[in-house]
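S.K.: Have a look at this one.
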Amino acid sequence: MNPCVKLTHPVSGDSVEFVSTTKENDGFFSIMHVLLNPTSNIPYQVHRKTVHVFTSLKGGLCIRLKGGELELLPEGKSFTVFPNTPYAVLNPGVGPIKYEHKVNPGRRGYEDAINIAFGMLRVGHRMSMVEKSFLDYISDTYPCTLQEKMLQPLRRFFAQKALKDGAYKKLMDKYGVKPTV
């Protein structure tokens, strides 16, 4: 049996379960099953180096592209978001939805950033700008607001400095959830 990590947001109840990690498949992909409760959303973001494939497993999933176009995915349908394409994920329904999120190529930093962020939420830790910059950097995730774009050079500096200072191991040790068998 593969080790499994399931993370649950302490406020919204949304969850992420890692189905296949980069460690298990030599970095080819990351696969997560995500449960998103009604009115929950994942804000606009862009990834520069990875392709993200979303497949609706239960309920209707909505992908909103930066231009305002909506992709409504009924159960069993998939949508691919290519690098440098801003998108948001929404649950527009009245019940929870479940979808598969595949990241290709796999990115351990993406998996670890989700793990650390949920761990911080679990203990009530308020994330600093340096910590957020670092998690965005290791996950290849960039928020799409004008303010974020203006701060990007400073945030990249913070992230690279944190990486050199050993922040990755410290944050994983303090907040990361270890796989269970």
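The values are calculated or read from the model by the stated rules, or taken from the named source; none is laboratory data. Nothing here was measured: the structure is a model prediction, and the numbers come from that model. In this analysis, Cβ positions are derived from the backbone assuming ideal geometry, glycine residues included, and neighbour counts consider all displayed protein chains. Ligands, DNA and RNA are stripped out before the accessible areas are found, and what is left, the full protein with its side chains, is counted by its heavy atoms. Shrake-Rupley method; radii C 1.70, N 1.55, O 1.52, S 1.80 Å.
S.K.: When you check residue 145 against the structure, is it more than 20 Å from residue 30 (Cβ to Cβ) and in contact (Cβ under 8 Å) with a residue 24 or more places away in the chain, yes or no?
M.R.: Working: more than 20 Å from residue 30 (Cβ to Cβ): yes; in contact (Cβ under 8 Å) with a residue 24 or more places away in the chain: yes.
Taking the combined requirement at face value, the residue satisfies it.
S.K.: Would you please name the residue that is modelled with the highest pLDDT, looking only at residues in segment 147-163 that are open to solvent by 40 Å² or more (accessible area, probe 1.4 Å) and closer than 15 Å to residue 109 by Cβ? I'd like the intermediate steps shown before the answer.
M.R.: Going residue by residue through segment 147-163, those that are open to solvent by 40 Å² or more (accessible area, probe 1.4 Å) are 147, 149-151, 153-154, 156-158, 160-161, 163.
Remaining after also requiring closer than 15 Å to residue 109 by Cβ: 156, 160, 163.
Numbers: 156: 82, 160: 86, 163: 82.
Checking each candidate, the answer is 160.
S.K.: Same structure, new question: Quick check: anything in segment 9-22 of a type in the set (D, E, K, R), over 17 Å from residue 142 (Cα atoms), without any contact (Cβ under 8 Å) to a residue 24 or more places away in the chain and part of a loop (DSSP other than H, G, I, E, B)?
M.R.: no
S.K.: Name the residue that is nearest to the chain's Cα centre (by Cα), counting only residues in segment 1-56 that are open to solvent by 30 Å² or more (accessible area, probe 1.4 Å) and aromatic (Phe, Trp, Tyr).
M.R.: Among residues in segment 1-56 that are open to solvent by 30 Å² or more (accessible area, probe 1.4 Å) and aromatic (Phe, Trp, Tyr), the one nearest to the chain's Cα centre (by Cα) is 44.
S.K.: Can you find a residue that is within 24 Å of residue 22 (Cα to Cα) and under 16 Å from the mean Cα position of the chain (by Cα) anywhere in segment 154-162?
M.R.: No, segment 154-162 contains no residue that is within 24 Å of residue 22 (Cα to Cα) and under 16 Å from the mean Cα position of the chain (by Cα).
S.K.: Please verify whether segment 57-64 includes one or more residues that are open to solvent by 70 Å² or more (accessible area, probe 1.4 Å), assigned to a strand (DSSP E or B) and within 18 Å of residue 145 (Cα to Cα).
M.R.: yes
S.K.: It is to be established whether one or more residues within segment 26-38 are in a loop (DSSP other than H, G, I, E, B) and free of Cβ contacts under 8 Å to residues at least 12 places away in the same chain. Steps first, answer last, please.
M.R.: So in segment 26-38, the residues in a loop (DSSP other than H, G, I, E, B) come out as 26-29, 37-38.
Pick out the ones that are also free of Cβ contacts under 8 Å to residues at least 12 places away in the same chain and you get 26.
Yes, there is a match, as at least one residue in segment 26-38 is in a loop (DSSP other than H, G, I, E, B) and free of Cβ contacts under 8 Å to residues at least 12 places away in the same chain.
S.K.: Among the residues of segment 123-146, count how many are touching a strand residue (DSSP E or B) at 6+ places or on another chain (Cβ under 8 Å) and at pLDDT 80 or above. Break it down stepwise before answering.
M.R.: The initial filter retains those residues of segment 123-146 that are touching a strand residue (DSSP E or B) at 6+ places or on another chain (Cβ under 8 Å), namely 136, 141-145.
Narrowing further to those that are at pLDDT 80 or above: 136, 141-144.
Count: 5.
S.K.: Assuming residue 108 fulfils every condition listed in (1) closer than 21 Å to residue 12 by Cβ; (2) open to solvent by 70 Å² or more (accessible area, probe 1.4 Å) apart from one, which condition is it?
M.R.: Residue 108 satisfies all of (1) closer than 21 Å to residue 12 by Cβ; (2) open to solvent by 70 Å² or more (accessible area, probe 1.4 Å) except (1).
S.K.: Answer yes or no as to whether residue 139 is closer than 18 Å to residue 23 by Cβ, out of contact with any Ser or Thr (no Cβ under 8 Å at 6 or more places or on another chain), crowded, with 18+ Cβ neighbours inside 10 Å and not charged (D, E, K, R). Show your work before the answer.
M.R.: On the way: closer than 18 Å to residue 23 by Cβ: yes; out of contact with any Ser or Thr (no Cβ under 8 Å at 6 or more places or on another chain): yes; crowded, with 18+ Cβ neighbours inside 10 Å: yes; not charged (D, E, K, R): yes.
Here the answer is yes, as residue 139 does meet what is asked.
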